[in-house]
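Chemist: Could you have a look at this structure, given as structure tokens, before my questions?
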Amino acid sequence: MEHDDVESMIAACRDAGDTRLDLPGFGLTELPDAIGDLTQLTELHLGLNELTGLPDTIGRLTNLVELTVDENRLTQLPESIGELRHLTRLRLDRNRLATVPDSIGQLGRLVELNLGSNRLTAIPTTIGRLGDLEELLLGDNQLTSLPDQVGDLSSLTSLYLTRNELTELPASLGRLDRLTTLFVDHNRLTSLPVELAMTGLSYATVGTPVVRLGVLQLGAADSNRLPTDLLAAATTGDDLDELWRHLRRHGPGDGVEAPT
């Protein structure tokens, strides 16, 4: 799609007062600065294009609730993205992002943040300010560690970290009282923080070499917490099978898959 065509679509959207703009799969290589004129937008969908960046004017779209820019070629994000303080869903997966601006921490209403399948080696400590965040997707990156501030995500229920370069997880994860789903398989973990026993985990994939369970799925109700003493054994690698035997004896029964 030609630049002038995109400008025309933006103008038409502005004049009509539309609150949603869909531009997926148009082969866009850049987004005109005029996108910032669409201050009435609540949804903007830009997936399946060839964008390498977003204009600073994106920060004018202060009514946006949902922004989707998945499957593009983004290498960076403007600091102005932090001005989108009504965002509840931000999907930036399958791009080429190596960093995320500190201003991401200003998006206090985010419920879902998808940064999967990028080139991230770290995430900013400001992520801990996202108090409403329920789902954080960071799989398929190059993360070697997580900031302790991840433990401040008090609303987090799902954390996806599959296929990174993590060698350890912060003990602060134990503060995530609402965490029910954790994916950490295909990393370089040699231990798990015993503090995970304090969470409400009901579904987790760990994988080798930490635990020889392809899927560890705990029941709901009062027994849905990992036994602290057994988790401690598993974290040191001394008796991984004991954890498995405990789950076989005490539940959750059919919910647990055999070791891999």
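Chemist: Considering only protein heavy atoms and a probe of 1.4 Å, how much of the accessible area of segment 1-89 is carbon and sulfur, as a whole percent?
Modeler: Percent of accessible area from carbon and sulfur atoms in segment 1-89: 41.
Chemist: Still on this model: Averaged per residue, what accessible area in Å² does segment 1-155 show with a 1.4 Å probe, protein chains only?
Modeler: That works out to 42 Å² for each residue.
Chemist: Just how large is the dipole of segment 1-137 about the Cα centre, in debye to the nearest 20, putting +1 at every Lys and Arg Cβ and -1 at every Asp and Glu Cβ?
Modeler: 560 debye
Chemist: Now for a separate question. Using the charge dipole of segment 94-189 (Lys, Arg: +1 at Cβ; Asp, Glu: -1 at Cβ; taken about the Cα centre), state which of LEU189, VAL150, VAL100 has its Cα farthest towards the positive end.
Modeler: VAL100
Chemist: Here's a follow-up. On the full set of protein chains, 1.4 Å probe, figure out the accessible area of HIS186 and give it in Å² to the nearest 10.
Modeler: 110 Å²
Chemist: Quick one, what does Rg over Rh come out to for segment 74-155 if you take C-alpha atoms and the Kirkwood Rh?
Modeler: 0.92
Chemist: Taking each pair of distinct Cα atoms in segment 1-54 once, what is the resulting Kirkwood hydrodynamic radius in Å?
Modeler: 11.2 Å
Chemist: Something else about it: Could you tell me what % of all Cα pairs in segment 13-172 have separations over 23 Å?
Modeler: For segment 13-172, the share of Cα pairs beyond 23 Å comes to 33 percent.
The values are calculated or read from the model by the stated rules, or taken from the named source; none is laboratory data. These numbers were taken from a predicted model, which means no experiment stands behind them. As a convention, Cβ positions derive from the backbone with ideal geometry for all residues, glycine included, and neighbour counts pool all protein chains shown. Surface areas here come from the heavy atoms of the whole protein model, side chains and all, with no ligands, DNA or RNA. Shrake-Rupley method; radii C 1.70, N 1.55, O 1.52, S 1.80 Å.
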